[in-house]
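In what follows, a structure is listed as structure tokens, so that the remarks can point back to it.
Taken together, the values in this text are just the output of simple stated rules run on the coordinates, not laboratory data. Predicted model, so just to flag it, every value in this text is computed and none were measured. Positions of Cβ are generated from backbone atoms using ideal geometry, with glycine treated the same way; all protein chains shown enter the neighbour counts.
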Number of protein chains: 2
Amino acid sequence: MTTTALTPAQMADRTGVTIDTLRYYEREGLLTNVERASSGHRRYSEDDAIWVEVLRCLRDTGMTMAQLRHYCDLAEIGEDTKDERQQILMDHRVLVEAQIEERKTALRLIDHKLSFYSDFSGAELS
Amino acid sequence: MTTTALTPAQMADRTGVTIDTLRYYEREGLLTNVERASSGHRRYSEDDAIWVEVLRCLRDTGMTMAQLRHYCDLAEIGEDTKDERQQILMDHRVLVEAQIEERKTALRLIDHKLSFYSDFSGAELS
DNA sequence: CAACAACCTGGAGCGCACTCCAGGTCAAGT
DNA sequence: ACTTGACCTGGAGTGCGCTCCAGGTTGTTG
């Protein structure tokens, strides 16, 4: 009754992560306990797919491979690492919020610079 | 009457960019027409400092070296490239806005995942 | 059963943005 | 005159996160 087992190609399609990268994540310990068919071919579970989506989200917002590996290592250990895992997410949350602020500042700066292009004046700087 | 000429060390201090990186930017054409003292040592102008700050802001929000070099090349050419330079900034603006949205989505996902840690339940996924 | 696609492994290679280094020059202080 | 420290150049090295490859196995399709 294991709902859907995804082939590597299906998994790549589903998550938008290439097959090579999926294997790389597994090698690096960011994706654990991936099942295999009798042929030795990987069969990804729905939970794997969801985790890869989370993983990508964390990566895209600047969490490093090392941090993600650490998080996965903790998850492997089990329940008594919940607090640390929670802390990792909370710390990353703060970081993402800072990134949003940084980008809002960037928008203001870009707008400021753009104002010189829309202006009648030909001022170049500041 | 050139207000303040900054030494490399002062420039690094002012902008938060290392001396090595400043030289690297210059080599790569991201920082042009830097003056020299009679000794051959660089003397950065206030405008250089401001530009490096802008440059860092654009880099930090994902503009590549190649794009920045292109922008600088255009600025070197002069007035008739203003439209293209404006367009580059407007394009980047759109990108930064998308980054903000991406990060807001990330926050929601992190919060969702955090909710499982704060819950009474010990559910692990989704 | 032949051909072909999808998958496997271990390991090498790549692009980006720095970062560091060797070997030399220049300017100021003692 | 000598030391010290900031700077110069050209070029090599680094770390990260993939990405690609060779050489082999498996599974499907006609």
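Quick notes on this one:
- Look at the stretch B:98-108: the mean tally of other chain Cβ atoms within 10 Å of its residues' Cβ atoms is 6.
- Highest to lowest packing among A:9-18, B:30-39, scored as the average C-beta count within 10 Å: A:9-18, B:30-39
- The same position A:Leu74 in the other copies lies at 4.4 nm from this copy, comparing label points 7 Å beyond Cα toward the beta-carbon, shortest first.
- Helix runs (DSSP H) in chain B reaching 24 Å along axis by Cα, Kyte-Doolittle at least -1.0: B:82-118
- Per-selection Kirkwood Rh - segment A:8-118 (Cα, Å, 1 d.p.): 16.3
- Between segment B:47-126 and segment A:76-106, the alpha-carbon center distance in angstrom: 19
- Förster radius 30 Å - calculated FRET efficiency between B:Thr18 and B:Phe116, Cβ distance, rounded to 0.05: 0.10
- Net +/- balance of residues flanking B:Thr61 in space, Cβ distance below 15 Å, scoring K and R +1, D and E -1: -2
- Other-copy label distances relative to A:Glu102, 7 angstrom Cα-Cβ extension, nm: 1.3
- In the assembly of identical copies, A:Glu53 has its label point, taken 7 Å from Cα in the direction of the beta carbon, separated from the corresponding points by 4.2 nm (ascending, one decimal).
- Across peptide A:60-69, the average count of Cβ atoms from other chains found within 10 Å of a residue's Cβ is 2.
- Rough spin-label spacing in nm, given labels placed 7 Å along Cα→Cβ, for A:Glu84 and B:Gln87: 5.3
- Once the C-beta distance of B:Val94 and A:Ala75 is scaled by a Förster radius of 41 Å, the resulting FRET efficiency is 0.65 to the nearest 0.05.
- Estimated FRET transfer efficiency (A:Glu28, A:Ala5; beta-carbon r; R0 22 Å; 0.05): 0.45
- Counts of other chain beta carbons within 10 angstrom of each beta carbon in peptide B:39-51 average 1.
- For the protein assembly as shown: Kirkwood Rh in Å [reciprocal of mean 1/r, alpha carbons]: 21.7
- Normalised by the number of residues in segment B:8-118, the average gap of Cα pairs under 8 Å and 6 or more apart makes the relative contact order 18 percent.
- For A:Leu6, distant residues with modelled amide H under 5 Å away: A:Tyr44, A:Ser45
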